[in-house]
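Just below is one structure, and these are the notes that go with it.
The values are calculated or read from the model by the stated rules, or taken from the named source; none is laboratory data. Since the structure is predicted, the reported quantities are computational estimates derived from the model, not experimental observations. Reconstructed Cβ throughout: ideal geometry from the backbone, glycine too, with neighbour counts over all protein chains shown. For the accessible areas, the whole protein counts, side chains as well, though only heavy atoms, and no ligand, DNA or RNA atoms are used. Shrake-Rupley method; radii C 1.70, N 1.55, O 1.52, S 1.80 Å.
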Amino acid sequence: MSFAQAKETPFAMAWPDPDPRFLRDDLAPPPLLPLADVMGPLWAAWIARAAEAKASPPDYVLAGLLTTVGALIGNARWASPWAGWTEPPIIWAMAIGAPSANKSPGLDAVLAPLGRVQRRLRERAQVAVSAWQAKDEVARLAESGWKEVAKTVLKEGKEPPAKPEAANPGPQPVLPLLSVTDSTVERLAVIVARQPRGLLMARDELAGWLQGMTRYSGGGSDRPFWLEAYGGRGYSVERMGRASVQVERLSIGVVGSIQPDRLKTLLFKADDDGLLARFLPIWPGLVPIKRPNQGSDDGFLENALERLLSLEMVGDETGATRPWFIPFSEGARQLLDDFRKAARGWENEADGLLLSFTGKLPGLAVRLSLVLAFLEWAVDGGSEPAEISVQHFGRAAHLLEAYVLPMAQRAYADASVPKAERAARRLAALIREKSWSHFTTRDVLRLDRTGLGTADELNPALVALEEGEAIRPVDLAPNPQGGRPIRMFVVNPALPGDLA
């Protein structure tokens, strides 16, 4: 049979059922957000109102809230289930969705009020900065006069006078920063060294930031910095021509948005160093288009954020500041042990990035329980939590098991199967999209789809679909025009799609 004849001849042959792996939709439905069960009535009501005002799923508002609150608590309070185990409240989250999903408006329900709180803090601090600048000018004059006198008396062989008190303006006040949208690791290290509480990195779009980590000046990578920033560990940044910066506890929260296709590209190309596995993937469904009935209460959130900022770090025996460690109650420890056992079982059923994500769930549960405890304290007017209770940890564990883990299974599905199978699923989806009853390798390569754009990427997919009885090769006579031989395949009619 020639190529031309093959194109015109209908294929009729007996087919077994194809491998069901290539028939199913890989994207699991989004889990329902247990908002009232986890957040309590006051926060659940506020999140619902804010989401409605922004025409956004409440999931995105929650992502912004958890990351922001974790960053504001920062190094003031850490959780400690027992001696030897401490966790900062730092949480990273990515809002996943199409451009029409209103990811940014949902995050802005939290980030915009945070910006106003930051502006008020900086305005108040500016008074102290301006006073210091005036004092510094006087100090420079006093130091200059002292130097002239010291030079004169030294030439006369006399003891120079002591440096006057007026020549010391004292430490320079710092204008506080609660969040940044972009910065180099050098600059971030300087900021966190000056304000040891911590910081939030709020990116409107995460993909470029994550990809840019491999383009660090000097040929290195920013990834080690960010891995430490999640853990709140010490970090030293060496700067060319300037003094190095030593950060005792590098704690930076991260939140931002990303489109599903960009996330898939990152999942396939990113190094397996656990960086992506540290993010809470938030990928809800779209909400109906409707006019909001009410606006959000920004004052409620701003008051809560300012109360969280009233938490102070404590001093150790050397005078250095450190977190105050919040212990777990005995009941919360028992729940944590049960959760760790459950997470071990989930790990046994996971692969790839999902395996790495699942392994971090116990630590994430500890962090979330601390954040939830202080979210409650920020609005109830009571005394500061002295321990993480059964209720605090139980709500955190419920959120992770009922919502976050299924959401990760939805978001990271493509990265949790072998590479050849991922390519085969992509090819099967393309066959369904194009309603092909037969196709050539040239038909596929011409479309230049991610993961199928080269022969090296396409060939394993063809082999997998052949073995799964989804396609079969067709023997063709040599192409009379010469060139590379044309490979043609016929499609199993059972593959979904309106096949001719």
Regarding region 338-355, can at least one residue be identified that is under 24 Å from L62 (Cα atoms), at pLDDT below 95 and assigned to a helix (DSSP H, G or I)?
yes
Can you spot a residue in region 299-315 that is in a loop (DSSP other than H, G, I, E, B), open to solvent by 50 Å² or more (accessible area, probe 1.4 Å), charged (D, E, K, R) and touching a residue at least 12 places away in the same chain (Cβ under 8 Å)?
yes
Hey, D456 within 20 Å of P18 (Cβ to Cβ), modelled with pLDDT of 90 or more and among the charged types (D, E, K, R) or not
no
Could you identify the single residue in L400, L427, L370 that is crowded, with 17+ Cβ neighbours inside 10 Å, of a type in the set (A, V, I, L, M, F, W, C), closer than 26 Å to G232 by Cα and out of contact with any Lys or Arg (no Cβ under 8 Å at 6 or more places or on another chain)?
L400
Unique residue being within 30 Å of G363 (Cβ to Cβ), assigned to a helix (DSSP H, G or I), more than 19 Å from the chain's Cα centre (by Cα) and aliphatic (A, V, I, L, M) when the list is V117, V127
V117
Test for R187: is it assigned to a helix (DSSP H, G or I), loosely packed, with under 15 Cβ neighbours inside 10 Å, at pLDDT 80 or above and among the charged types (D, E, K, R)
yes
Per the filter on region 354-390, residues within 18 Å of A411 (Cβ to Cβ) and of a type in the set (F, W, Y) are F357
Take E384 and tell me if it is among the acidic types (D, E), under 25 Å from L200 (Cβ atoms) and either without any contact (Cβ under 8 Å) to a residue 24 or more places away in the chain or open to solvent by less than 70 Å² (accessible area, probe 1.4 Å) (or both).
yes
What residue, among those in region 206-239 that are at pLDDT below 90 and in contact with a Gly (Cβ under 8 Å, 6 or more places away or on another chain), is nearest to D261 (Cα to Cα)?
W209
Considering every residue within region 167-190, establish whether at least one is of a type in the set (K, R) and touching a helix residue (DSSP H, G or I) at 6+ places or on another chain (Cβ under 7 Å).
no
Among the residues of region 18-75, how many are open to solvent by less than 40 Å² (accessible area, probe 1.4 Å) and free of Cβ contacts under 8 Å to residues at least 12 places away in the same chain?
1
Residues of region 130-154 classified as under 46 Å from the mean Cα position of the chain (by Cα) and open to solvent by less than 70 Å² (accessible area, probe 1.4 Å), total
6
Among the candidates P292, P327, P323, P288, residue that is open to solvent by 50 Å² or more (accessible area, probe 1.4 Å) and closer than 26 Å to V117 by Cα
P292
